[in-house]
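Have a look at the structure below, then the notes.
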């Protein structure tokens, strides 16, 4: 008895998809991370497991809050496995313990230095008003400021403020970016 051609194709497709899914799972467990968001450079990253310091890229879970509920509802962040149903986010640590942060219309300053791509937008690209975090604060030992370093429309600490280090899942190092 011969198996119909369409059935062989279906079985081969299922096997191929299972193999691809298994390979993706293996890569994730090994530390491979892929960024498709414009908040940091697009590309392939490696989870290092090292403690986060200023200048590092991190993958983190947002804390449950009205601000992140709004961000998810509007599509600034995706859905995912973090508490609140939020997706993981990748950003760069722009400031940490004892850094002084000021937020004004022209942008975010860390210890007086203006960060690139940090001008405060009053509305998103659909014209909806954006949240605004308080204008000035000093980071404590548990806080970090997470910002974009490549995109002026990123949803970052300009709008939600500092996050607690406990929200960081891993430091990620760029392997191949574009």
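Couple of notes before you dig in:
- Pairwise FRET efficiency - residue 126 versus residue 48, Cβ, R0 = 35 Å, nearest 0.05: 0.45
- Between residue 65 and residue 14, the modelled label-to-label distance comes to 4.7 nm, taking each label 7 Å out from Cα in the direction of the beta carbon.
- Folded to 0 to 90 degrees: helix 5-30 orientation relative to the chain principal axis, Cα: 40
- Computed E for residue 36/residue 5 - FRET, C-beta separation, R0 25 angstrom, nearest 0.05: 0.10
- The residue 137 and residue 29 beta-carbon pair, evaluated with R₀ = 22 Å, returns a calculated FRET efficiency of approximately 0.05.
- Inter-centroid distance (Cα atoms) of the stretch 53-108 relative to the stretch 153-178, Å: 6
- Choice from 84, 24, 107 showing the highest fluctuation, given a GNM over the chain with Cα pairs closer than 10 Å: 24
- Residue among 100, 110, 11 with the largest mean-square fluctuation in a Gaussian network model of the chain, springs linking Cα atoms under 10 Å: 11
- Structure-derived mean projected area of the Cα convex hull in nm² - corresponding label in (1) 9.6; (2) 11.7; (3) 13.2: (3)
All of the numbers you see were taken from the coordinates with simple rules; none came from a lab. Note that the structure is predicted; figures quoted are calculated from it, not measured. Here the Cβ is made from the backbone with ideal geometry for all residues, glycine too, and neighbour counts use every protein chain on show.
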